[in-house]
Ligand code: B3K
Ligand code: ZN
């Protein structure tokens, strides 16, 4: 298996001034003609990437090349001798209908569409498929008019017409030079929902959303989200849209969430379509986030792109931060930040501690598709967020302005991004850049001491970072630690360090740059309670020994909403870990009274935002608890969490019931932050109540289900019944299926609810479901909702001691290895974590990895994951 290294980067020896692409679209035989204009900029042969292409002809300056004038293998076409300037015309034939990998040109639901990032363009034509080769595209699509009335590509439509053989054509021109990964085309029978947006400078932009006609009534939220994203990017980052038209197409077979192709985004339909009866509040928020994310890429990714794929986080980390800021601004709440951190800690931290750990800017890869990871995306966003924290909002904005203007139209590196931040701030961020190059989650431990006589308070911070593959020893990181010291009433004290003349506010950012560093605050009247790492100001594990009482105090008083939530989570975590110990010792578990009292106070706090109460009442995820066990015991974690949920429900039944009833929607259904927060809290209460299993509690869920209101409430009620194994669940599932069997996205929920039920019969049920006619292994959403949900979101069942869960996952990885390697490699992730489990599970997991590794035609995607996880 060949490995690509960052250190081997060399610029491409040619420049392409423009390319004309011509597609004669046929499902099984699409004829592609690519005519391009070339200039040499350095010595070397002309090497073009190409895979699974049937080569028809190559013409150089109009002359057909003979077979002895080029070499062709499974990966590339090489022409040894070319002049310094020339035109090249290449004709190829491809088979979109047979393309189950969904990379390149493929057919979804009878329509043609493309996915080129990272390296799909080489499955369309021979071309230097790398992001630093940018050119201007003119694309003509020709297809049967009756079947494919809509013909789209990047940029503006410059010509269209009919031919007399029942086919028609459209030509699109994109004036912005772009890398081929941003190329896109769509041909199909789609409805267009049109709107427009007037930019800050007064230009009118047409907004077109293309969906199946059946889905026309589910586009309003996506369109409104797009307009909000366009306005927000103007105001927050000074970024205006640049073409006259912005198009989004929804397709149902898609490997990821969406794709930011220039002027023609292609979306997984689950991030476009929403109506109150089919989509949950979480779906609404995710749609707005993804629409924003792809839109923001127009600047962070498209106008300024990546030099090579090692720089992926340049566009992804930054754009994730941008979408996080957008969501936080739209909802105006701390909840999105809490959700970001939950995701990071439950999934990115384990990735960063496992065999596939890699830096935000990796040094090498075998298959780039394996590097669209939580580390590159979410940790990458944390890294840019830390720059924001260190520089402050004004300088950060100056930095992004400089970055965009300096590099507009270029393909650059993460170093260029940080350089812009250095140039506007005059700060040396050399050490900070280690965040891009060193993998692993740093640990920061804190010692505190108060000197009552001197009135000084000292924090001693120590950082370490565990070894990761290929990186035994780490150098200290530059860690911004946002903090405050709270007095007995919870009010932040003025903060003055011993070497400072005056106090600097009640909150400040300490910069930890050494392995160990001491910060002494003076004039501290009494021993404070520290509130550290506010807003989760760095992606680290913080070890600070607070007493249960201090945690309870912060839970009720911290002025930082995030830390207030965090204190509750730490307390809950402690309680859960103690319960696990109790179980181990064979003793009967008991409900921790202090925690129970804190739970009651939070539930009764009517001054607090219901959304934050809901977050506070939600116990840490089983995956996060696992982070604190030397050997992960999924059964013990589940039992402890389940015990705690039931005990809390039993202890606070009346209060939960009162809250549930009080929060019932009085007025019409709304999708604003306040209404979503109320639904969230109400459904958290319902979840606790149904856990008790009594007829009255189950009756609430059944009634909520039968009221058949919005999908948030329906899904919550169905989940509560199914996950608690209530006797009503099979009837409820049947009714849901009957009602929604024609709505793929809703049916995905039906599958996922069953696949995530933490019950003994779940695997057998999942096996029945994969055998049913509703299952389709070629549809990634369906695979994720069943196989993915079971193996990544149901730890207690997936890790069943007999290894049946592992074998089940491996069966599907093997099957998907041939059909869709990207999805296969992604599904595999839970097995790669084998080292965290006991010896028996380790052996079972390894056996499945070995079985997959022994497949005869192993894809590069799967091979890399298996090889690295067994290393
Ligand atoms: N840039 C795409 C991801 C492409 C993944 C290719 N395997 C979506 C996004 O991050 O916006
Ligand atoms: Zn992205």
Relative contact order computed over the stretch 574-694 (Cα-Cα under 8 Å; 6+ residues apart), in percent: 32 percent
The stretch 390-514: projected area of the alpha-carbon convex hull, averaged over directions, in nm²: 10.5 nm²
Solution diffusion estimate, µm²/s, Stokes-Einstein, the stretch 619-705, Kirkwood Rh from C-alpha pairs, 4 °C, viscosity 1.567 mPa s: 89 µm²/s
Rough spin-label spacing in nm, given labels placed 7 Å along Cα→Cβ, for residue 455 and residue 629: 4.9 nm
Approximate spin-label separation residue 52-residue 591, in nm, with each point projected 7 Å along Cα-to-Cβ: 5.6 nm
Convex hull per residue volume in Å³, alpha carbons only, for the stretch 45-155: 129 Å³
Relative contact order %, the stretch 638-735, counting alpha carbon pairs below 8 Å whose residues are six or more apart: 24 percent
Estimated inter-spin distance, residue 518 and residue 428, nm [label 7 Å along Cα→Cβ]: 2.4 nm
The stretch 318-387 shape via C-alpha gyration tensor axes, a/c threshold 1.5: prolate
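Does the stretch 746-871 come out rounded, prolate or oblate by the C-alpha gyration tensor, with a ≥ b ≥ c the root eigenvalues, rounded set by a/c under 1.5 and, if not, prolate when a/b is larger than b/c and oblate if not?
It is oblate, given that a/c is not under 1.5 and a/b is not larger than b/c.
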Helix 860-870 axis, angle to the chain major axis (alpha carbon atoms, nearest 10°): 30 degrees
Alpha carbon Rg of the stretch 164-212, scaled by the compact-globule rule 2.2 N^0.38 Å: 1.53
Ascending count of other beta-carbon atoms within 10 Å, so fewest first, for 113, 729, 192: 192, 729, 113
Principal-axis tilt of helix 281-296 within the chain, Cα atoms, nearest 10 degrees: 50 degrees
For the stretch 134-199, the spread of Cα positions along each principal axis, largest first, Å: 35, 28, 19
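Going highest first, how would you order 540-547, 825-832, 214-221 by mean Cβ packing within 10 Å?
Numbers: 540-547: 14.9, 825-832: 23.0, 214-221: 17.6.
Going by the mean number of other Cβ atoms within 10 Å, highest first, we get 825-832, 214-221, 540-547.
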Residues 58, 16, sorted so that the one with the fewest Cβ neighbours within 10 Å comes first: 16, 58
Where the Cα pairs of the stretch 248-341 fall when distances are cut into 5 Å bins, in %: 3, 13, 21, 23, 21, 13, 5, 1, 0
Where N is the number of residues in the stretch 148-289, Cα Rg divided by 2.2 N^0.38 Å: 1.08
Residues 160, 394, sorted so that the one with the fewest Cβ neighbours within 10 Å comes first: 394, 160
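Applying a 10 Å radius around every beta-carbon, put 407-417, 786-796 in order of their mean neighbour count, most first.
Result, highest mean Cβ count within 10 Å first: 786-796, 407-417.
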Euclidean distance of C-alpha centroids, the stretch 313-335 and the stretch 194-261, integer Å: 17 Å
P(r) histogram, all alpha-carbon pairs of the chain included - 10 Å bins from 0, percent: 2, 12, 21, 25, 21, 12, 5, 2, 0, 0
Helical contribution to [θ] at 222 nm, DSSP H n ≥ 4, -39,500 (n - 2.57), averaged over the chain, rounded to 500: -12000 deg cm²/dmol
Relative contact order computed over the chain (Cα-Cα under 8 Å; 6+ residues apart), in percent: 8 percent
Cα long-axis angle, helix 695-706 against the chain (0 to 90 degrees, to the nearest 10): 30 degrees
Cα principal axis extents for the stretch 582-627, largest first, Å: 41, 24, 10
Ranked packing of 151-157, 119-125, most packed first, by mean Cβ within 10 Å: 119-125, 151-157
Shape of the stretch 650-749, Cα gyration tensor, a/c cut at 1.5: oblate
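Taken together, the values in this text are just the output of simple stated rules run on the coordinates, not laboratory data. Quantities reported herein were computed from a predicted structural model and do not represent experimental measurements. Positions of Cβ are generated from backbone atoms using ideal geometry, with glycine treated the same way; all protein chains shown enter the neighbour counts.
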